[in-house]
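**Student:** This is the structure I have questions about; it appears just below.
The values are calculated or read from the model by the stated rules, or taken from the named source; none is laboratory data. No experiment lies behind these values; they were computed from the predicted model shown. Neighbour counts are summed over all protein chains in view; Cβ atoms, including those assigned to glycine, are modelled from backbone coordinates with ideal geometry. Surface accessibility is based on the protein's heavy atoms, side chains included, excluding ligands, DNA and RNA. Shrake-Rupley method; radii C 1.70, N 1.55, O 1.52, S 1.80 Å.
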Amino acid sequence: MLYFMLLPPQTGYRLAGRGLWTSPHLFTVSGDSQLLPLPGQARVVICGGGIVGTSVAYHLAKLGWTDIVLLEQGRLGAGTTRLCAGIVSVAKPISIECKMANYSNTLYEQLEGETGVKTGYVKTGSLCLAQNQDRFISLKRLASRLKVMGISCNIVKPKDIAKLHPLVNIHDLVGALHLPGDAVVSPPDVNHALAVGAAGQGVQILERTTVQQVLVEKGHVMAVETDRGSIECEYFVNCAGQWAYELGQASEMKVSVPLHGCEHFYLLTKPLQEAVPPSTPVVIDMDGRIYARQWHGGFLSGGFEKNPKPIFTEGRNQLEIQNMQEDWDHFEPMLTSLLRRMPSLESAEIHQLVNCPESFTPDMRCLMGETPGVSGYYVLAGMNSSGLAFAGGAGKYLAEWMTYGYPTANVWPLDVKRFGNLQSSRTFLRHRVMEVMPLLYELKVPRWDFQTGRQLRTSPLYDRLDTQGARWMEKHGFERPKYFVPPGKDLLSLDQSKTFYKPDWFDIVGAEVKCCKEAVCVIDMSSFTKFELTSTGDQALELLQHLCANDLDVPVGHIIHTGMLNERGGYENDCSVVRLSKNSFFIVSPTDQQVHCWSWIKKHMPSDPHLHLEDVSWKYTALNLIGPRAMDVLAELSYVSMTPDHFPSMFCKEMSVGYANGIRVMSMTHTGEPGFMLYIPIEYALHVYNEVMSVGQKYGIRNAGYYALRSLRIEKFFAFWGQDLDAFTTPLECGREFRVKFDKDTDFLGREALLQQRQDGVTRRFVMLVLEDHDTELDLWPWWGEPIYRNGQLAGTTTSSAYSYTLERHVCLGFVSPPPGPEGLPTPITPDFINRGDYEVDIAGQRYPAKAKLYPFSSLFTQQKRRKDDLELSNLQGK
């Protein structure tokens, strides 16, 4: 027998051009040189014959599409699909990924009955192991989320692990998450089954046909050029996997598909002396950086090492992905980890060490959706080593997107429009994926940050703020201050602080919040997306009146907070719009809306040379002056009264601040606290900041960061897009009916849907929950995604949470719904339903009672606190 640790590099034989799995390919005419004829036109062309491309074709056909052509440059499933480990697990970091994996599991189980193709599907279940308490907490949080989705899972003790998988060494484990519904399959066979299912519904599948470029006319897909000729088409789907980036760059109009390849290793053993049963659970040991599954009586085991090896930085260099070079030295840490977890494998005989490429994205989430620059060009790629688990669900959602204009679930976390061209640098991608691949199995506590690809976009004040103790986070490539470390604090310990409990920055942020409420703080919010829409006539107003739910026909200088809704009444954007002049508007949106919002507005803009949209995000530095003394600071710098009588709320004036002219000063802070936003031309940014800080000294001014902003906005019950609001949330569901122009005879996107919803009744409501009997010092903190229970029944989930320094307790925001009515139909929700319920918030399996309200608690608790302080003061005076 050969032992793992003694195995010489040349011992394990490679499959030299053959796949790890075997699968017939039936879509070419017999003989390598004779191919099916290329059609001259199609409705949609899909590039990529791996499991992602075949899933898209299968689901489009299911939805009634015809004239579908799928092109594969080599053989069907001969890319990464051929080398996939074959694990289908729902243990994923975010809810939409869990949903996709769960759907994939159900689909793959049914495929054999539908197509007659054996897929190797075995429901083995899986065990996600925890070697420490923090990992165990993260698994408990995942279990709470999965139960909300109706996915079976159990938290188990070490002794239960041993019963479920006798080969696992349990001596260093504290517990595990058992997912009994997880499965293993033969990926090429699943791919083949999807292809057979698609072909049976009329999809044409052509192998050995290489897409060279996509032809575009007037911003819309017109044709696909291949090495065998051109195909005219309306839609194109880039499912090219490893080559999706290159294909995007090769198109007539370049399309950004930010992904990069890395080598991925796994080991295959020969059958053990006592063959491993096919039903043996998959083991996922993230602390050990490995996974292991049964394979032909032995084991398949791989992992995600700390020092990954990027590949193909220079671009496409081979037709099909062949088995690359073994690297036993590189695999050795994972091998050691495997033997520590399953010591009985010491005597197992090696079959092969497989080295295959996987593509990874800058944020560990796949890329899905229509590209912002080219209408009809869709992408589904960058699966981060979860292509098999995601392919079924992702193919379904993309097919829905192409059919209905939107998928049936909120896929914003995966939308390709969350990225822009700034993430297309090959150097950035190479460096980022070297961080991303290890992160897949690393413990991620709330509010962790990427370390690579930083300082890409910065405010002109970056260096100034950095020297004053700013600690940074990144959003859409932009550096934003989290908080400011006071002199004398241990910077290293703060930077390394990672916990699900009370964080080390708690007191620092508390001091910033206190200053916002009692004096004045400055927050650099330059990362906000900023557009200017102008026209020669009424075109700009007419467009905004069509796009926005609120009324934009207001006097010059007024600021309107409004949603841009889709036809279903859901939020595509949540923004503040300033009417600068009769035909000029300034639009301020969240940072990560830069590409999405631009695309949404351009999609609905008429082709009119007198109407102009400009992205001016880079032109202005934005300073948020928050606090009761903000008006004193600005009054002293501008020699203009800033009191509410002279400068009413939600108003904008162009003013001089210090020596600088042309500063757009707005009486709003995005927190509910008094203050002003200053939009400063970047050449004046440093001057204005220095003047504000200098004059503000006498008023107790200090810098603050986004953590303080988050605490302030959540205790004031302010919803933010991307966290609380999304394309499936309407203004009526979150108490914003007053921001909808129902009384105007103006047709706007979403109007009919909102009128119908108002008539039928809202079936869920945005609520504020304040935790009770929760010890901030000792108990786990809520962050987001926690289940909400009403009278013991699941009622919803939280969308954002923060500690309120004013209320001295945690505040969660989220949505609740009543139980479904007869025949499972949604039931309208009433204020009485919300006010009369007993609520609990589930934090990693522990439920904490909470008070639920439809309006902020702040005023109520402030009055109670003042009465308590007055009482204590009178008692002291009495003594």
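**Student:** Restrict the check to segment 652-665 and report whether at least one residue is touching a Gly at 6+ places or on another chain (Cβ under 7 Å), in a loop (DSSP other than H, G, I, E, B) and crowded, with 18+ Cβ neighbours inside 10 Å. Walk me through it before giving the result.
**Tutor:** Filtering segment 652-665 for residues touching a Gly at 6+ places or on another chain (Cβ under 7 Å) gives 652-654.
Adding the requirement that they be in a loop (DSSP other than H, G, I, E, B) leaves none.
No: zero hits.
**Student:** Being of a type in the set (A, V, I, L, M, F, W, C), open to solvent by 10 Å² or more (accessible area, probe 1.4 Å) and either farther than 25 Å from Leu725 by Cα or in contact (Cβ under 8 Å) with a residue 60 or more places away in the chain (or both): is that true of Met668 here?
**Tutor:** Details: of a type in the set (A, V, I, L, M, F, W, C): yes; open to solvent by 10 Å² or more (accessible area, probe 1.4 Å): yes; either farther than 25 Å from Leu725 by Cα or in contact (Cβ under 8 Å) with a residue 60 or more places away in the chain (or both): yes.
Spelling it out, Met668 is indeed of a type in the set (A, V, I, L, M, F, W, C), open to solvent by 10 Å² or more (accessible area, probe 1.4 Å) and either farther than 25 Å from Leu725 by Cα or in contact (Cβ under 8 Å) with a residue 60 or more places away in the chain (or both).
**Student:** Let me ask something else about it. Inspect all residues belonging to segment 673-695 and state whether any of them is surrounded by fewer than 23 Cβ atoms within 10 Å (Cβ to Cβ) and under 18 Å from Cys812 (Cβ atoms).
**Tutor:** no
**Student:** Of all residues in segment 133-167, which are without any contact (Cβ under 8 Å) to a residue 24 or more places away in the chain, out of contact with any strand residue (DSSP E or B) (no Cβ under 7 Å at 6 or more places or on another chain) and either farther than 16 Å from Ala91 by Cα or surrounded by 17 or more Cβ atoms within 10 Å (Cβ to Cβ) (or both)?
**Tutor:** Lys159, Asp160, Ala162, Lys163, Pro166
**Student:** Additional query: Of the residues Lys482, Lys489, only one is surrounded by fewer than 16 Cβ atoms within 10 Å (Cβ to Cβ) and either in a strand (DSSP E or B) or without any contact (Cβ under 8 Å) to a residue 60 or more places away in the chain (or both); which?
**Tutor:** On inspection, the qualifying residue turns out to be Lys489.
**Student:** If we scan segment 69-92, do we find a residue that is part of a helix (DSSP H, G or I) and over 18 Å from Gly241 (Cα atoms)? Spell out the reasoning first.
**Tutor:** Pass one, segment 69-92, residues part of a helix (DSSP H, G or I): 80-83.
Cutting the leftovers down to over 18 Å from Gly241 (Cα atoms) gives us none.
No - not one qualifying residue is present in segment 69-92.
**Student:** Moving on. Mind checking which residues of segment 744-765 are of a type in the set (S, T, N, Q) and more than 30 Å from the chain's Cα centre (by Cα)?
**Tutor:** Taking segment 744-765 as the starting set, the residues that turn out to be of a type in the set (S, T, N, Q) are 746, 756-757, 759, 763.
Those that are of a type in the set (S, T, N, Q) and more than 30 Å from the chain's Cα centre (by Cα): Thr746, Gln756, Gln759.
**Student:** Of the residues Ile51, Ile46, Ile96, which is surrounded by fewer than 24 Cβ atoms within 10 Å (Cβ to Cβ), modelled with pLDDT of 95 or more, closer than 30 Å to Met149 by Cβ and within 28 Å of the chain's Cα centre (by Cα)? Reasoning before the result, please.
**Tutor:** Numbers: Ile51 fails: surrounded by fewer than 24 Cβ atoms within 10 Å (Cβ to Cβ); Ile46 fails: surrounded by fewer than 24 Cβ atoms within 10 Å (Cβ to Cβ).
Exactly one residue qualifies, and that residue is Ile96.
**Student:** Find the residue count for segment 203-217, including only residues that are in contact with a helix residue (DSSP H, G or I) (Cβ under 9 Å, 6 or more places away or on another chain), surrounded by 19 or more Cβ atoms within 10 Å (Cβ to Cβ) and under 15 Å from Ala250 (Cβ atoms). So that I can check it myself, show each step before the final result.
**Tutor:** Our first condition is that a residue be in contact with a helix residue (DSSP H, G or I) (Cβ under 9 Å, 6 or more places away or on another chain); within segment 203-217, this holds for 203, 205, 211-214.
Next cut, surrounded by 19 or more Cβ atoms within 10 Å (Cβ to Cβ) only: 203, 205, 211, 214.
With the extra rule that they be under 15 Å from Ala250 (Cβ atoms), the set shrinks to 211, 214.
Number of matching residues: 2.
**Student:** Okay, next question. Among Glu737, Glu786, which is the only one that is surrounded by 14 or more Cβ atoms within 10 Å (Cβ to Cβ) and either touching a strand residue (DSSP E or B) at 6+ places or on another chain (Cβ under 6 Å) or within 30 Å of Phe500 (Cα to Cα) (or both)?
**Tutor:** Glu786
**Student:** Still on this structure, please answer the following. Would you be able to say whether some residue in segment 599-608 is basic (Lys, Arg) and within 30 Å of Arg702 (Cα to Cα)?
**Tutor:** Let us first name the residues in segment 599-608 that are basic (Lys, Arg), namely 602-603.
If we keep only those that are within 30 Å of Arg702 (Cα to Cα) too, we end up with none.
No, because not a single residue in segment 599-608 is basic (Lys, Arg) and within 30 Å of Arg702 (Cα to Cα).
**Student:** When segment 692-708 is examined, which residues are found to be touching a residue at least 12 places away in the same chain (Cβ under 8 Å) and in a helix (DSSP H, G or I)? So that I can check it myself, show each step before the final result.
**Tutor:** Quick first cut of segment 692-708, residues touching a residue at least 12 places away in the same chain (Cβ under 8 Å) only: 692-693, 695-696, 699-708.
Scanning segment 692-708 gives Val692, Met693, Val695, Gly696, Tyr699, Tyr706, Tyr707, Ala708.
**Student:** Looking at Ser535 and the list (1) surrounded by fewer than 16 Cβ atoms within 10 Å (Cβ to Cβ); (2) of a type in the set (S, T, N, Q); (3) assigned by the TED database to the domain that holds Leu634, which single condition is not satisfied?
**Tutor:** (1)
**Student:** Go through the residues of segment 436-444 one by one and say whether even a single one is touching a helix residue (DSSP H, G or I) at 6+ places or on another chain (Cβ under 8 Å) and touching a residue at least 12 places away in the same chain (Cβ under 8 Å).
**Tutor:** Keep residues of segment 436-444 that are touching a helix residue (DSSP H, G or I) at 6+ places or on another chain (Cβ under 8 Å), which gives 443-444.
Checking the rest, the ones that are also touching a residue at least 12 places away in the same chain (Cβ under 8 Å) come to 443-444.
Yes, some residue in segment 436-444 is touching a helix residue (DSSP H, G or I) at 6+ places or on another chain (Cβ under 8 Å) and touching a residue at least 12 places away in the same chain (Cβ under 8 Å).
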